[in-house]
Amino acid sequence: MTATATKDVTPVVLSHAGLDALIAALAVDRQVIGPVRRDGAVVYEPVSSVADLPRGWVDDQAGGTYRMRREGDRLFGYTVGPSSWKRFLHPPKQVLWRAGDGAITPEPIAKERFAFLGVRGCELAAIAVQDKVFLDGPYRDPHYAARRAAAFIVAVNCTRAGGTCFCVSMETGPKAAPGYDIALTEIGGELLAEAGSDAGGMILSAVPTRPATQADLDAAAAGIAGAEAQMGRAINTEGLADLLTDNPDHPRWDVVADRCLNCANCTMVCPTCFCTTVDEVSALDSDATTRESRWASCFTTEFSYVHGGAVRPGAKSRYRQWMTHKLGSWWDQFDMSGCTGCGRCVTWCPVGIDITEEAAAIRSDLEAEGG
Amino acid sequence: MAHPVEQMDMTDPMVPTLARILRKRVEIPGVVTFELEAPGWQGFAPGQFNMLSLFGVGEIAISVSGYDAEPDRIVHTIRDVGATSHGLSLLEEGDTMGLRGPYGVPWPVADAAGRDVVVVAGGLGLAPVRPILYHLLANRGDYGKVTLLYGARRPEEILFTEELGQWRAQLDMDIEVTVDHASPGWHGHVGVVTTLFRGADFSPDTTTAFVCGPEIMMRFAANALTDAGVAADDIYLSMERNMQCGIGLCGHCQLGPYFVCKDGPVFTWGQMRRVMTVKEL
Ligand code: SF4
Ligand code: SF4
Ligand code: FES
């Protein structure tokens, strides 16, 4: 592991102008990606200054609903939207190699150098999940590795909880755990900034800041505590992995299957879902072909297809696979939870299927039976 | 912060090498065996598979059906069942295909030394266990009683008939073949492969079993073996799932807690018993 900052560990405070300076400093050798309001939602796109950020906008989220409205003056008052950082580190489509003229040419390894601005606790945890999947071997995705090794992360501690968030119960937020270069917390019209790495400390010492006072630290802690207190959802994870694994025939799977449309939205918005399908793209004018991988979803028929048919032919087995993977078998495979409590799958499910509700239903039925 | 990616090996395991077809042999209609050579090939262990690519069409996982003590020949037996396998079957000697591998957990053949060995195969499942048989025959003295129980749908679908004949002629191995549907001229067993267990001679306490075939057949065979007294952890099966990467990155091959590509394809019945009894897992 990289050592945490040895200098400049004292928290500092940035004004909006200071944040502009930070963005500019990052932009020297990186593409800065941050929150932008587009088509009624906050998405992650290139940003060049504070003026690009969704200042004064918050989101109202519930099962199957997402709406933005004006409130206050915060830069980071919104919570998580439909996009996630996986779009950049593990993009929806990745060329792997090309073949033609009797040779195979590997795709050059990705060279993008990103700085992510506004990574929430649950999102930092999701990046750690994908690190484990793609980098811990025995085989590694070199494109992900290259993008990841070059990434700079500015986290933001949440001071407002979204309507579908449950990070507290998943132990990923609202305060970001280590793994960031810099963590920001909005306090009034300013931002408390803490370095989490040497690189973060160095860049903070190069932009205009003022030392943080005890009052600043208290304000930040109060903001984070406020988000925690606001959180309306939770998953009781105690013994949950076994509970799901041991009850593949629980009637609740049929109930959820009746509602699920197999639309795959949940897997597309989930920041930890990593599955891909390999596709062959042929050129029309030559015998050259391109092999690509693209995001795949366990909610499709083709996903589990073996000659003769799909192993999981319908919504019951697919939802069961998805949820049991997130909350159960992920532990067997990667020794961690596959769900970070970001709430995206709840918000973006067109019929409002809620993973927290499904987990609670299975638990309460079994506990009612004394099981 | 940046992920500390130590020792940046930036070769992409998804990129195949170009393998050339040295020999092609039609086994039965719809099933061909290729002998390939590929640069950098380091050999394989029985039970491992390669990802084979047909340019312009796609890639599939196929187990190696050759002999691991002949590391220069890469042997694959392919059934024409989908677009990629169909296209691969049409290739001729001298043609090339993409190859990457070998991948997966092998059959623990060497660990079975000193024990009785029962190999049970159904249909094309004889191909993935053929490396076991080669090994057993070459090291016959290291093993106790060796039995091969093989079931095919019809006599015309029996694979590797010549080799089966040669092995049978060696008389140091019990080979029983059965068909589901007899045709005129067939004088052998008729019935599913599990009916052959009745006549098989092995000491259950010291038996290692290797089973490969359709999932339902493997389940019945594993149950027959445990009924006969073979321990669940001495029974090995080779599983099949959708595989897009073969190396634990694409997620398709998941079976309960396992990735079939990297935790398998060879598993013990002890590992598989529960997951194989859950419908549509
Ligand atoms: S499963 Fe749902 S709540 Fe959990 S990380 Fe994925 S999208 Fe977020
Ligand atoms: S759970 Fe909801 S979002 Fe996921 S596939 Fe089913 S309907 Fe779509
Ligand atoms: S085949 Fe891709 S993860 Fe197993």
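Mind checking the log10 I(q)/I(0) for the stretch B:17-103 at q = 0.24 Å⁻¹? Debye, one equal scatterer per Cα, no solvent, two decimals. Treating every Cα as an identical point scatterer, log10 I(q)/I(0) equals -1.28. Close amide H contacts of A:Thr65 (hydrogens built in the peptide plane, cut-off under 5 Å, sequence separation of 5 or more or a different chain): none are found. For the stretch B:110-277, build the charge dipole from Cβ charges (+1 Lys, Arg; -1 Asp, Glu) around the Cα centre, then report which of B:Ala169, B:Leu124, B:Tyr143 sits farthest towards its positive end. The one lying farthest along the dipole's positive direction is B:Leu124. The residues of the stretch A:1-159 present an accessible area of 39 Å² per residue when probed at 1.4 Å with all protein chains retained. Taking the convex hull of the alpha carbon positions in the stretch B:110-277 and averaging its projected area over all directions gives 10.0 nm². Per-residue ellipticity at 222 nm for chain A, helices alone: DSSP H runs ≥ 4 residues times -39500 (n - 2.57), over residue total, nearest 500 deg cm²/dmol? It lands at -9000 deg cm²/dmol. Per residue, how many Å² of accessible area does the stretch B:184-281 show with a 1.4 Å probe? Result: 40 Å² of accessible area for each residue. Computed over chain A, relative contact order equals 22 percent, with contacts defined as Cα pairs under 8 Å that lie 6+ residues apart.
Counting only protein heavy atoms and a 1.4 Å probe, tell me what percentage of the stretch A:1-151's accessible area is made up of carbon and sulfur. Summing carbon and sulfur atoms, their accessible area is 51 percent of the total for the stretch A:1-151. If you run the Gaussian network model on chain A, springs between alpha carbon atoms under 10 Å, then out of A:Asp242, A:Asp52, A:Asp39 the most flexible one is A:Asp39. Spacing of the modelled spin labels on B:Val278 and A:Ala17, each 7 Å from Cα toward Cβ, amounts to 6.0 nm. Placing pseudo-labels 7 Å out from each Cα toward the beta carbon at B:Thr206 and A:His250 gives an inter-label distance of 4.8 nm. Tally up the carbon and sulfur contribution to the accessible surface of the stretch B:110-277 as a whole percent, 1.4 Å probe, everything protein left in place. For the stretch B:110-277, the apolar C and S fraction of the accessible surface comes to 50 percent. Where only DSSP H runs of four or more residues are counted, chain B gives -5500 deg cm²/dmol as its mean residue ellipticity at 222 nm, each run worth -39500 (n - 2.57).
Name the residue farthest towards the positive end of the dipole of the protein assembly as shown from the options A:Leu243, A:Ile109, A:Asn157, assuming +1 on Cβ of Lys and Arg, -1 on Cβ of Asp and Glu, about the Cα centre. Going by the charge dipole, the pick is A:Asn157. Between B:Asp9 and A:Val43, the distance separating the two model label sites (each 7 Å from Cα on the Cα→Cβ line) works out to 3.8 nm.
Taking B:Gly101, B:Gly199, B:Gly185 as the candidate residues, the one with maximal mean-square fluctuation in a Gaussian network model of chain B, Cα springs under 10 Å, is B:Gly185. Couplings 3J(HN,Hα) of the stretch B:236-253, computed from phi: 10, 10, 10, 9, 10, 9, 4, 10, 9, 10, x, 9, x, 10, 9, x, 5, 8 Hz, in residue order, whole Hz [Karplus 6.51 cos²θ - 1.76 cosθ + 1.60, θ = phi - 60°; x for Gly and Pro].
Comparing A:Glu280, A:Glu357, A:Glu171 in a Gaussian network model of chain A, where Cα atoms under 10 Å apart are tied by springs, the biggest mean-square fluctuation is seen for A:Glu280. Overall, chain A carries a charge dipole of about 620 debye about its Cα centre when +1 sits on the Cβ of Lys and Arg and -1 on the Cβ of Asp and Glu, all other atoms neutral. Only bridges with both residues in the protein assembly as shown count here: give the DSSP antiparallel percent, nearest 5. Approximately 70 percent, going by the DSSP bridge assignments.
Spatially, the stretch A:282-317 and the stretch B:33-55 are offset by 23 Å when compared through their Cα centroids. Over all pairs of different C-alpha atoms in the protein assembly as shown, the reciprocal of the mean inverse distance, the Kirkwood hydrodynamic radius, equals 27.3 Å. Averaging the sequence gap over all C-alpha pairs within less than 8 Å and six or more residues apart, then dividing by the number of residues, gives the stretch A:302-357 a relative contact order of 17 percent.
Peptide A:96-105 has a mean shielding of 4, counted as Cβ atoms of other protein chains within 10 Å of each residue's Cβ.
Taken about its Cα centre, the protein assembly as shown carries a charge dipole of roughly 1140 debye when the Cβ of each Lys and Arg holds +1 and the Cβ of each Asp and Glu holds -1.
Across the stretch B:26-62, the residues whose backbone nitrogen lies under 18 Å from the label position 7 Å along the beta-carbon direction of B:Asp142 are B:43-48.
Note on A:Lys132: lysines with a C-alpha under 23 Å away, same-chain residues under 8 apart excluded, are A:Lys86, A:Lys93, A:Lys111, A:Lys175, A:Lys326, B:Lys262.
Chains A and B: buried accessible surface, both sides, probe 1.4 Å, rounded to 100 Å²? Rounded to the nearest hundred, the buried surface is 4400 Å². For the stretch B:235-268, heavy-atom accessible area (probe 1.4 Å) falls by no less than 30 Å² from the chain alone to the full protein assembly at B:Glu240, B:Arg241, B:Asn242, B:Gln244, B:Ile247, B:Leu249, B:Cys250, B:His252, B:Gln254, B:Pro257, B:Phe259, B:Lys262. Averaging over all projection directions, the Cα-based convex hull of the stretch B:114-175 occupies 3.8 nm² in the image plane. Only helices reaching 30 angstrom along their own axis (Cα) with mean Kyte-Doolittle hydropathy no lower than 0.5 count here, and not one DSSP H run of chain A does. The alpha carbon gyration tensor of chain A gives principal lengths a ≥ b ≥ c with a/c of 1.5 or higher and a/b no greater than b/c, which makes the shape oblate. Under the classification rounded if a/c is under 1.5, otherwise prolate if a/b is larger than b/c and oblate if not, where does the stretch A:260-371 fall, given a ≥ b ≥ c as square roots of the Cα gyration tensor eigenvalues? Cα axes put the stretch A:260-371 in the prolate bin.
Across chain B, Cα pairs under 8 Å and at least six residues apart give a relative contact order of 16 percent. Share of pairwise Cα-Cα distances greater than 29 Å in chain B is 33 percent (whole percent). Taking the inverse of the mean 1/r over every pair of distinct Cα atoms in the stretch A:12-229 gives a Kirkwood hydrodynamic radius of 18.2 Å.
Quick check: from the Cα gyration tensor, does the stretch A:1-130 come out rounded (a/c under 1.5), prolate or oblate? Because a/c hits 1.5 or more and a/b fails to exceed b/c, the stretch A:1-130 counts as oblate. Ranking B:Ala83, B:Pro29, B:Thr96 by Cα position along the charge dipole of the stretch B:17-103, where only Lys, Arg, Asp and Glu carry charges on their C-beta atoms, puts B:Ala83 farthest toward the positive end. Dipole size of the stretch B:17-103 about its Cα centre, with +1 on Lys/Arg Cβ and -1 on Asp/Glu Cβ: approximately 100 debye, rounded to the nearest 20. The distance separating the Cα centre of the stretch B:159-226 from that of the stretch A:146-188 comes to 59 Å.
The values are calculated or read from the model by the stated rules, or taken from the named source; none is laboratory data. Just so it is clear, the model here is predicted, and its values are computed rather than measured. Positions of Cβ are generated from backbone atoms using ideal geometry, with glycine treated the same way; all protein chains shown enter the neighbour counts. With ligands, DNA and RNA removed, areas are computed over all heavy atoms of the protein, side chains included. Shrake-Rupley method; radii C 1.70, N 1.55, O 1.52, S 1.80 Å.
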